[in-house]
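Here the structure is laid out as structure tokens; the discussion comes afterwards.
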Amino acid sequence: MTLTITQQLDNFVAAYVEQANGNALNIPFDPSWPSVCYQTQGESGELVKWLPVKQESPLSFDNVEDAMSIKLDAQYCAFFTRYFSHNLTAKASQGKCELLQVWNVDDFERLQQNLIGHLLMKQRLHQSATLFFGLTDEDDFILTIINETGEVALEQVGKEPTQILAPSLADFLEQLSPCTQ
């Protein structure tokens, strides 16, 4: 049975947290960048524990869709409106990657602004709309979803996707191993 994107993301996040259990997920505390992910408060710059936290009132990409006159791939929207979290590192058969996440509502707004910029660039270059969701260990290459098909692709910034990695984001997440080290 194929899992939905939210089920697959829940499984990945649970495995990520479980793998990190011995090495608690720590991040420098930033009082000017609040998040429900902080498990404790601290002095500025002090390492504190954090965990991914499900969004109580899921956020929406409606304003991006309205601004760009586009319907965004549903799995992409679900991916960013499920959790508040620091970015999640993972291993794929092709190498390491980092799954982007949103830390708080302001971070979600920044993501939307960056997505609009990315979509405008794709329009100017007369390329298909892609939606970025991850970074690779190669500087100019990002992980994207091809908006028309829902396929996960490897894309060099400013170019058309070069390689299809999975037929869907759920299938891509299923291939990943958490990498909390």
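Computed from the coordinates by the stated procedures, all read-outs in this text should not be read as laboratory data. Because the structure is predicted, anything quoted here is derived from the model rather than measured. Cβ placement follows ideal geometry from the backbone for every residue including glycine, while neighbour counts extend to all protein chains displayed.
General remarks:
- When only the Cβ of Lys, Arg, Asp and Glu is charged (+1, +1, -1, -1), the dipole of the chain relative to its Cα centre reaches about 120 debye.
- P(r) of segment 58-141 over all Cα-Cα pairs, binned every 10 Å from zero, in whole percent: 16, 48, 32, 5
- Three-way shape call for segment 1-103 based on the alpha-carbon gyration tensor, with the a/c threshold at 1.5: oblate
- Between 0 and 90 degrees, the angle of helix 105-124 with respect to the longest Cα principal axis of the chain falls at about 20 degrees.
- Equivalent ellipsoid dimensions for the chain as semi-axes, Å, which come from the Cα gyration tensor, largest first: 27, 19, 15
- Loop exposure criterion: GluC sites (Glu not before Pro), DSSP state outside H, G, I, E and B, at most 15 other Cβ atoms within 10 Å. Applied to the chain, the longest stretch between such sites is 57-137.
- Loop sites in segment 1-86: trypsin sites (Lys or Arg not before Pro), DSSP, at most 13 other Cβ within 10 Å: Lys71
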